[in-house]
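Quick notes on the structure that follows.
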Amino acid sequence: MIPIMDSKRQYAKIGDKLEEAVVEVMRSGSYILGKNNKAFEEEMAAYCGTKYAVALNSGTDALHVALRALDIGKGDEVITTAFTFVATTEAIGIVGAKPVFAYIDKDTFNIDPEKIEALITPNTKAIIPVHLYGQPCEMDKIMDIAKRHNLHVIEDACQGIGSEYKGQKVGSFGTFGCFSFYPTKNLGTMGDGGMLVMNDEKLRDRVVALRNHGGAVRYYHDEIGVNSRLDEIQAAILRVKLPYVDEWNAARKANAEYYNELFADCDEVETPVELHDTKCIYHQYTVKVPNRDQVFDKMRENGVGVMLYYPVPLHMQKVHKYLNIPEMSLPNTVEDTKVVMSLPMFPEITKEEQETVAKTLKAIVRGEL
Ligand SMILES: *Cc1c(COP(=O)(O)O)cnc(C)c1O
């Protein structure tokens, strides 16, 4: 099976450095909020082009702690997309606010900025755009709407580390940018991990307190917080990996271009669209195909580890049943959910593997397999 991604190949290249870093932490006796955490925060802020970064235990925590830090909760509405991983709206639910789903752009799969304003009510407090598959959202339009309506923007950049919109890194546009270091992300650790980046010092301090039981001073607690710290072992691993991210992202981009080339003679396979003046980092390489469910099964039968991100749009998930949203009120989302399929994509995938993936998919959509 050609895997959707393969962490072992990355480990084969930099395993020695990772092992050295982990052993150093184990020997140090300092396991939580130590020097690696602090250094990694500084390195991530520099990488993203923000003043501050605060490490947390997951991308999900980054999203919900961002909402907490902005005092968004009961009675508030947050505009986002239903074409994303559930963590985006789970975070909204955790703080007691209500997700409001906007249309997506059919080509980029991201929130359609033209469809946001009609959804704004006096209860709207924030917009959460999601840079899905590593494709940047149209941040100038989204920031413009937010400014005019006095809303916060919390970017879900969990799939977008290193991607850029008009020369600026995603995550650095909004009040907060949220990152995940789940093992399969473009910068993945060997467990869970997450990060918030921001430019506001007061918000930084609030997040620092919230992640550690709601107090800045040990054993003095000002509010209900959470236990959401990035441990030293994960921070040390991520510090070894961060300097490679641009190289890995460039390899993904080159692999995406090779796929584009391989599918150039096949109209049945719609390849990903890139917006003008963006840098896409191809967390996923997602195509649209006819008869997707059958094609998906056949791909797997023929040894290609394709995946569906995501099989059910969020407004149709049981967890959101209480919102009573009619399925076809989000037609683009529903239609795209039925045709998308993600192909194996990681920096180390070989040309031969990509050729096999493309040959198999072309044969299937042409009815030859
Ligand atoms: C991975 C992911 C998250 C959640 O990150 P975790 O670290 O797994 O909690 C949130 N949003 C999106 C779009 C993601 O892909």
Would you mind stating whether Gly191 is of a type outside the set (D, E, K, R), within 14 Å of the ligand (Cβ to nearest atom) and buried (at least 24 other Cβ atoms within 10 Å of the Cβ)? no
So Lys125 clears everything in (1) free of Cβ contacts under 8 Å to residues at least 60 places away in the same chain; (2) among the basic types (Lys, Arg); (3) more than 23 Å from Gly96 (Cα to Cα) except one condition, right? Which one? (3)
What pairs can you find where one residue is in the range 163-174 and assigned by TED's automatic domain parsing to the domain that holds His276 and closer than 15 Å to Ile142 by Cα, the other is of a type in the set (Phe, Trp, Tyr) and open to solvent by less than 10 Å² (accessible area, probe 1.4 Å), and their Cβ atoms are less than 6 Å apart, with a gap of 6+ or different chains? none
Name the pairs: first residue in the range 1-12 and in a strand (DSSP E or B), second residue among the small types (Gly, Ala, Ser) and surrounded by fewer than 14 Cβ atoms within 10 Å (Cβ to Cβ), Cβ to Cβ under 8 Å, at least 6 apart or on different chains? Ile2/Gly303
Mind checking whether some residue in the range 295-305 is under 16 Å from Gln159 (Cβ atoms) and either assigned to a loop (DSSP other than H, G, I, E, B) or at pLDDT 95 or above (or both)? no
Could you tell me whether the range 104-116 includes any residue that is open to solvent by 10 Å² or more (accessible area, probe 1.4 Å), under 19 Å from the mean Cα position of the chain (by Cα) and among the basic types (Lys, Arg)? yes
Can you tell me how many residues in the range 67-124 are assigned to a loop (DSSP other than H, G, I, E, B), of a type outside the set (A, V, I, L, M), at pLDDT 95 or above and out of contact with any Leu (no Cβ under 8 Å at 6 or more places or on another chain)? 11
Can Gly177 be described as away from the ligand (no atom under 11 Å from the Cβ), surrounded by 23 or more Cβ atoms within 10 Å (Cβ to Cβ), small (Gly, Ala, Ser) and closer than 30 Å to Glu348 by Cα? yes
Among the residues of the range 26-57, count how many are within 16 Å of the ligand (Cβ to nearest atom) and either open to solvent by less than 20 Å² (accessible area, probe 1.4 Å) or part of a helix (DSSP H, G or I) (or both). 6
Mind checking which residues of the range 125-144 are more than 23 Å from Gln284 (Cβ to Cβ) and open to solvent by 10 Å² or more (accessible area, probe 1.4 Å)? Lys125, Asp140, Lys141, Met143, Asp144
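Let's see how each residue does on (1) open to solvent by 30 Å² or more (accessible area, probe 1.4 Å); (2) aromatic (Phe, Trp, Tyr); (3) within 17 Å of the chain's Cα centre (by Cα); (4) modelled with pLDDT of 95 or more:
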site	(1), (2), (3), (4)
Lys166	yes, no, no, yes
Asp200	yes, no, no, yes
Gly214	no, no, no, yes
Leu238	no, no, yes, yes
Count of residues meeting criterion [of a type in the set (A, V, I, L, M, F, W, C), out of contact with any strand residue (DSSP E or B) (no Cβ under 9 Å at 6 or more places or on another chain) and over 28 Å from Tyr258 (Cβ atoms)] in the range 330-349: 1
Across the range 264-278, what is the total count of residues that are closer than 14 Å to Thr108 by Cβ and either touching a residue at least 60 places away in the same chain (Cβ under 8 Å) or not in a loop (DSSP other than H, G, I, E, B) (or both)? 7
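The values are calculated or read from the model by the stated rules, or taken from the named source; none is laboratory data. Since the structure is predicted, the reported quantities are computational estimates derived from the model, not experimental observations. Every residue, glycine among them, receives a Cβ derived from its backbone with ideal geometry; neighbour counts consider all protein chains shown. With ligands, DNA and RNA removed, areas are computed over all heavy atoms of the protein, side chains included. Shrake-Rupley method; radii C 1.70, N 1.55, O 1.52, S 1.80 Å.
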